[in-house]
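See structure below.
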Amino acid sequence: MRFTRRGFIKATSASVFLPAIIGRAWAAEGGAPLPIPDVMDLAGGTMGELTAQLGKSQMLQGVSTETAGYSQAFSGPVIRVKRGETARLKLGNTIAEPVSVHWHGMHIEGAQDGGPHTPVLPNETLDAALDIDQPATTLWYHSHIMERTGAHVWYGLAGMLLVDDPDAADSGLPSTYGEDDLPLVVQDRIFGSDGAMVYTPRGPSLMHGYRGSEILVNGAIRPEASVPAGMVRLRLLNGSNARIYHFHFEDGRSFHQVGTDGGLLPEAAAMTGLTLGLAERAEIVVDFSDGAAVRLLSGADTNAMMGGGSNAGGAFEIMQFAVNPGLAPKLTTPPAMLAGAPVPDFGEPVRRRSFRLDMMGGMMRMRGGGGGMTINGASMDMAVINEQATLGETEIWQISASEMQHPFHVHGTSFQVISQNGVPVDAAKVGLKDVVLVNGTAEILIRFNRKADAAAPYMYHCHILEHEDAGMMGQFTVA
Ligand code: C2O
Ligand code: CU
Ligand code: CU
């Protein structure tokens, strides 16, 4: 059983290996105040420190849970970096197995990217220098070790990162961190009868991806945020391993999406529901000026192989919002046009590549065989460079997936989705992405402006972490 052989899991409770008592073994009634992560601001050359460690977290009533985090018990600080600067951090690791810090969505060279070729070994440190040059946006960071990413993220090695752009025009959006600008890292987890987090992907939970029965937002079960009676910006990150969310408010209120993976949208888009696939981010602005408390819900995740899995069920609660009349709203009118949104300019594509995501090898693995999930017939092999791209060239990538939806992610850049199942996509509505949820065939326009050599190549992969760990990943260089 590959998830049990090393220190990481050994250090948590042995009951991790027992079947989960799903649901209500512990009183997990939710409603605690939304935790607002500490900010690690690296602007102006401040040196940061991020050390992977094990810890104990109070997530359930009356029992503590062994977790992992970066310089904290679970998850990590919200890191803020500034465009035009080099952000510097010292990365450490006190866990008994290699971890990494991958800067998901960051336009940085392969050597800085924190993928599986650049681990932080136990009790060693690594200096990270990140040349920040991309539009303001909401990114995240997480461990990214071959065959271990799912376990690492599940136990807590993931956090949010914000890129600020001092030269961009002021978007006019709410921006007081923790007051009207809230980070929301949404994750689902399973707890065992002793309160331990349980991560045992096998059989169907390997094939469909591993889902939890409890929802955490910033590490707390279905918490409550206290917000001013005005416009509040929510930076949503789907930091789950496999669950796709279909967010909506219980009272059906509409809200505006203002940002996506790669930055702000040119124009705020009104909607009442928002689907967020794995690793995707969305910034939304919600009007709380009516003073009413409201719950944020998600529709059921039905993403499973045909005939498999039973993900049916109704909407479930993510968190709740209570309006605090003592907090002064800074903005009371909904956003419209957004100044400072990136203006994509991809130029003409010179090449086409196709990527076919396949789960058959996973079926074999599920039955005890040695198969892996594949892209273009190959499982991830650290020693094989699957593709070579040229610096500055624009390409069209066609990604196809059968059986279920797969969130396809590419390192080192942002791309534009140009079609889904042959239907053209409106770029102004979707914005710049680094993950595209593929349900059939999607085409993206992509260009690489940073280098990655064979010693530290970029990855492309399915961001259902159990699929990634089972081999649905490839690597490429840019020169
Ligand atoms: Cu979010 Cu290859 O990663
Ligand atoms: Cu990434
Ligand atoms: Cu997948």
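What number comes out for the charge environment of residue 283, summing +1 per Lys or Arg and -1 per Asp or Glu over other residues with Cβ under 13 Å away? Net local charge, residue 283 excluded: -1.
Under the convention that each Lys and Arg Cβ holds +1 and each Asp and Glu Cβ holds -1, the size of the dipole of segment 157-236 around its Cα centre is about 600 debye. Would you mind counting up the charge near residue 85? Only other residues with Cβ under 14 Å from its Cβ, with Lys and Arg at +1 and Asp and Glu at -1. Here the charged neighbours net out to -2. In a simple Cβ point-charge model (Lys, Arg +1; Asp, Glu -1; nothing else charged), segment 351-478 has a dipole of about 200 debye relative to its Cα centre.
Our summary gives the chain a relative contact order of 15 percent, counting only alpha carbon pairs under 8 angstrom and 6 or more residues apart.
Rounded to the nearest 20, the Cβ-based charge dipole of the chain about its Cα centre (Lys and Arg +1, Asp and Glu -1) stands at 1200 debye. Across segment 361-441, the relative contact order, built from alpha-carbon pairs under 8 Å that are at least six residues apart, equals 26 percent. Secondary-structure-derived ellipticity at 222 nm for the chain, considering helices only, amounts to -1500 deg cm²/dmol, per-run term -39500 (n - 2.57) for DSSP H runs with n ≥ 4. Distance between the C-alpha centers of segment 362-402 and segment 439-466? Whole Å please. That distance is 10 Å.
Can you tally the net charge around residue 455? Count Lys and Arg as +1, Asp and Glu as -1, for every other residue whose Cβ sits under 12 Å from the Cβ of residue 455.
Every neighbour counted, the sum reads -2.
If you model segment 351-478 as an ellipsoid using its alpha carbon gyration tensor, with each semi-axis the square root of five times an eigenvalue, the axes come out at 24, 19, 10 Å, biggest first. The packing ranking of peptides 152-160, 95-103, 335-343, highest mean first, is 152-160, 95-103, 335-343, where packing means the average number of other beta carbon atoms within 10 angstrom of each residue. Normalised by the number of residues in segment 181-323, what is the relative contact order in percent for Cα pairs under 8 Å and 6+ residues apart? Value for segment 181-323: 28 percent. Based on alpha-carbon atoms, the Kirkwood radius and the radius of gyration of segment 5-164 give Rg/Rh equal to 1.00. Between the alpha-carbon centres of segment 181-237 and segment 52-91 there is a gap of 15 Å.
Say the dipole of segment 5-164 comes from +1 at the beta carbon of Lys and Arg and -1 at that of Asp and Glu; which of 98, 60, 156 then lies farthest toward its positive end? Towards the positive end, the residue furthest out is 60. For the residue pairs 82/429; 82/451; 56/82, the alpha carbons lie more than 28 Å apart in 56/82.
Taking R0 as 41 Å, what's the FRET efficiency between residue 250 and residue 353 from their Cβ-Cβ distance, rounded to 0.05?
Calculated value: 0.40.
Sorted largest first, the principal axis extents computed over the alpha-carbon atoms of the chain equal 58, 56, 47 Å.
Each residue of segment 181-323 gets 120 Å³ once the volume of the Cα convex hull is shared out per residue.
Quick note: the coordinates plus some simple rules give every number you see, no bench work behind them. Worth saying up front: this structure is predicted, and the values here are computed from it rather than measured. Neighbour counts are summed over all protein chains in view; Cβ atoms, including those assigned to glycine, are modelled from backbone coordinates with ideal geometry.
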